[in-house]
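In what follows, a single structure is set out as structure tokens and then discussed.
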Amino acid sequence: MSSSYRVTIPTRDSARWIGQVLGAYRRMGVEPLYIVDARSRDGTFELLQEASADCIPFTPHGDIAEAGMIEFGAKAAGTEWVLRLDDDEFPSQKVLDWVAKVGTRSSRPFWGLSRRDVSLRDEGFVYSQWPARNVWTGDRFCLNAQLRLYRANSVRYI
């Protein structure tokens, strides 16, 4: 993984799946920084510690990750760029390659990354086809673009 960016993952009460997420990232050669909501009650932080994951507890000022966890994680990452993902999201190898080779080498302060929603229905996976998930950017459609890759010191956290 490039040393110019760090994956940060805010999480709370995710002990049921966070070990699988951690293992999948490690198989890709990525060691994210987990920002664990200090109000977790299911052993998420302890599970990550036992697995020698890089994790820091944090108490947000509200019940969502945007209540301070994202800014705290970005500053704790110690890198110029941050790729912030949720604990129920997972990037492809192509996304990580693009981040390292293109995204973090640009002069932009942030990038919106397309995100595809997947659900389990009738024992199988289905993709969301909700029309609001396609956003026109002026020259093309993006699939649920969200500002997830950014320079930690070049954005304002609101």
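Picking from Trp17, Trp81, Trp111, which is most flexible by a Gaussian network model of the chain using Cα springs under 10 Å?
Residue with maximal mean-square fluctuation among Trp17, Trp81, Trp111: Trp17.
Run lengths n ≥ 4 of DSSP H only: what is the helix-derived mean residue ellipticity at 222 nm for the chain, with -39500 (n - 2.57) per run over all residues, to the nearest 500?
-6000 deg cm²/dmol
What is the local net charge at Asn153, summed over the other residues whose Cβ is closer than 14 Å to its Cβ (Lys, Arg +1; Asp, Glu -1)?
With Lys, Arg at +1 and Asp, Glu at -1, the neighbours total +3.
Can you put Leu48, Leu147, Leu113 in order, fewest other beta carbons within 10 Å first?
Ranking Leu48, Leu147, Leu113 by Cβ neighbours within 10 Å, fewest first, gives Leu147, Leu113, Leu48.
Among Phe72, Gly19, Leu83, which residue has its Cα positioned farthest towards the positive end of the charge dipole of region 5-110, with +1 placed on the Cβ of Lys and Arg, -1 on the Cβ of Asp and Glu, and the dipole taken about the Cα centre?
So the residue we want is Leu83.
Per residue of region 46-63, in order, report the coupling 6.51 cos²θ - 1.76 cosθ + 1.60 (Karplus, θ = phi - 60°) as ³J(HN,Hα) in whole Hz, putting x for Gly and Pro.
5, 4, 5, 4, 4, 8, 6, 7, 7, 9, 9, x, 8, 9, x, 8, x, 9
Counting other Cβ atoms within 10 Å, which GluC sites (Glu not before Pro) in region 65-129 have at most 10 and lie in a DSSP loop?
Glu123
What is the set of long-range amide H partners of Asp54 at a cut-off below 5 Å, with H atoms built 1.01 Å from backbone N?
Residues meeting the criterion, in which the H sits 1.01 Å from N, are Tyr34.
What percent antiparallel are the DSSP beta bridges of the chain, to the nearest 5?
Around 50 percent of the beta bridges assigned by DSSP in the chain are antiparallel ones.
Evaluate the charge dipole of the chain about its Cα centre and quote only its size in Debye, nearest 20, assuming +1 on the Cβ of each Lys and Arg and -1 on the Cβ of each Asp and Glu.
Here the chain has a charge dipole of around 700 debye.
Return the sequence-ordered ³J(HN,Hα) values of region 79-89 in whole Hz as given by the Karplus equation 6.51 cos²θ - 1.76 cosθ + 1.60 applied to θ = phi - 60°, using x for Gly and Pro.
Listing the rounded values in order: 10, 5, 10, 10, 10, 8, 10, 7, 6, 10, 10 Hz.
Roughly what would the spin-label model give for Leu147 and Glu123, points 7 Å off Cα along C-beta, in nm?
4.4 nm
Please turn the phi angles of region 22-35 into ³J(HN,Hα) values with the Karplus equation 6.51 cos²θ - 1.76 cosθ + 1.60 (θ = phi - 60°), one per residue in order, whole Hz, x for glycine and proline.
Each residue's phi maps through the Karplus curve to give 4, x, 5, 4, 5, 5, 8, x, 10, 10, x, 9, 9, 9 Hz.
Consider a paramagnetic label point 7 Å from the Cα of Ala51 along Cα→Cβ; state which residues of region 76-94 have an amide N under 14 Å from it.
Inside the label zone: 87-90.
For a bin width of 10 Å, list the pair-distance distribution of the chain built from all Cα-Cα distances, rounded to whole %.
Percent of pairs per bin, in order: 10, 37, 38, 15, 1.
Mind checking which of Ser3, Val126, Gly29 is farthest towards the positive end of the chain's charge dipole, using Cβ charges of +1 (Lys, Arg) and -1 (Asp, Glu) about the Cα centre?
Ser3
Rule-based calculations on the coordinates, nothing more; no lab input. Since the model is a prediction, treat every value here as computed from it, not as a measurement. When we count neighbours, we look across all protein chains shown, and the Cβ atoms used for this are built from the backbone with ideal geometry, even at glycine.
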